[in-house]
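See below for the structure under consideration.
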Amino acid sequence: MDGAVLTVAGLYAVILLRAGATFAAGWFVGSGVRRSRFSERIPAARLERAERAIRRWGMPVVAVSFLTVGFQTAVNFVAGTLRMPLRRYLPALFVGGAAWATLYGLVGTGALAFLRWLFTRHTAWGVAGVVVPALVVCGLVLVRRRRATGPVAEPVAGEESVAGDESVAGEESVAGDESVAGEESGRR
């Protein structure tokens, strides 16, 4: 249990420094956040969503944001850009940071203790317990990336080629269209 307490205390210190620094960066950038280089690191939609939430709910959004993934940085940064008073921000930081550190500290140390037990008792299951989730995460990332880029449209026979698509024009001349092949050889 001493290891878990030290882990939670260490994580609490880390989150206070990290979230406080993010808030301070937002404070110093101020209203020019949309024009700064730092804003490129956080998607505009996420910043706008955080701003709407903070304007509507205020301080509780900061505390609850620590239990989310990805939204936390945007909330702390936007709270700084909106110049949220420290008397409101700091209590939310302390409560949210404590919840975050406790959750991640206890779940993290519990998961590591379980993996240590699994590796010492059943090595094959321990390896599977690490490799299978890693493969699942990799698969999910690949699926999300493919969905984000959209399907690649293949040319359909009989359709006109898209400007600049040389492979389609080359396929048409190979298919036996004498006029296209003749024009290409006449140009050379």
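Just a few scattered comments:
- Helices (runs of 4 or more DSSP H) contained in segment 1-100 and holding at least 2 residues at pLDDT below 90, at positive phi and surrounded by fewer than 20 Cβ atoms within 10 Å (Cβ to Cβ): none
- Identity of the residue in segment 115-150, part of a helix (DSSP H, G or I) and small (Gly, Ala, Ser), that ends up nearest to the chain's Cα centre (by Cα): ALA148
- Every pair of residues 6+ apart whose Cβ atoms lie under 9 Å, when the first sits in segment 82-93 and is over 17 Å from PHE28 (Cβ atoms) while the second is of a type outside the set (Gly, Ala, Ser) and modelled with pLDDT under 85: ARG88/MET59; PRO91/MET59; ALA92/MET59
The values are calculated or read from the model by the stated rules, or taken from the named source; none is laboratory data. Note that the structure is predicted; figures quoted are calculated from it, not measured. We place every Cβ from the backbone using ideal geometry, glycine too, and count neighbours over all the protein chains shown.
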